[in-house]
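Note sheet for the following structure.
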Amino acid sequence: MSVHIGLMIWKEMKQQGVTVSSLADNLAISKTKTQEIINSASLDISLLVSISEILNYNFLAYYENGQLFSNLSHEEKRKSQEEIKRLKMLISEKNKAIELKEKMIQNLSHTVSILEKGQMY
């Protein structure tokens, strides 16, 4: 069976209202690379799985007669879910650290401004 998987991805993106930019951000790749994916007739399986998860649509069904991820064991799925959860927690912690650093910079800038005004008098 010949499937242009990029076209199938594009159709699903349009159906869900997902932009190329949004998909690129979720895949952590450039918009140009994302557009190349949409133009591709075939893709690496791990990339296709990632896109399937992001869009919550089983693109593998085009190749496996409708059996949803039948070759992935429950243990592999569980481990993947745990790793995703761990990575999301790390991202959350990173974002909190960035926020704290930004607040610290603002406070330091404010302190410097006050000190500079004090030296003028």
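Applied to segment 96-106, the Karplus parametrisation 6.51 cos²θ - 1.76 cosθ + 1.60 on θ = phi - 60° returns per-residue 3J(HN,Hα) values of 5, 4, 5, 4, 5, 5, 5, 5, 4, 4, 4 Hz, with x for Gly and Pro. Compactness ratio for segment 73-121: Cα radius of gyration over 2.2 N^0.38 Å (N = residue count) comes to 2.21. All distinct Cα pairs of the chain go into the 1/r average, and the inverse of that average, the Kirkwood radius, is 17.8 Å.
Based on alpha carbons, the Rg and Dmax found for segment 5-62 are 9.9, 26 Å. Each label point was placed 7 Å from the Cα along the Cα-to-Cβ direction; for GLU76 and ALA28 their separation is 2.1 nm. About the centre of its Cα atoms, the chain shows a dipole size close to 340 debye [charges on the beta carbon of Lys, Arg (+1) and Asp, Glu (-1) only; nearest 20 debye]. Taking the centroid of alpha carbons for each part, segment 37-62 and segment 88-103 are 30 Å apart. Can you list residues from other chains, or at least 5 along the same chain, whose modelled amide H is less than 5 Å from the amide H of TYR57? Close amide H contacts, sequence-distant or interchain: none at all. Sorting THR111, THR34 by the number of Cβ atoms found within 10 Å of their own Cβ, with the fewest placed first, yields THR111, THR34. As a length-normalised measure over Cα pairs under 8 Å and 6 or more apart, the relative contact order of the chain settles at 20 percent.
Were the residues from LYS96 through VAL20 laid out at 0.36 nm apart, the gain over their Cα-Cα distance would be 24.6 nm.
Readers should treat all values here as calculations from the given coordinates under stated rules, not as data from a laboratory. What you see is a predicted model, and the numbers here were worked out from it, not measured in a lab. In this analysis, Cβ positions are derived from the backbone assuming ideal geometry, glycine residues included, and neighbour counts consider all displayed protein chains.
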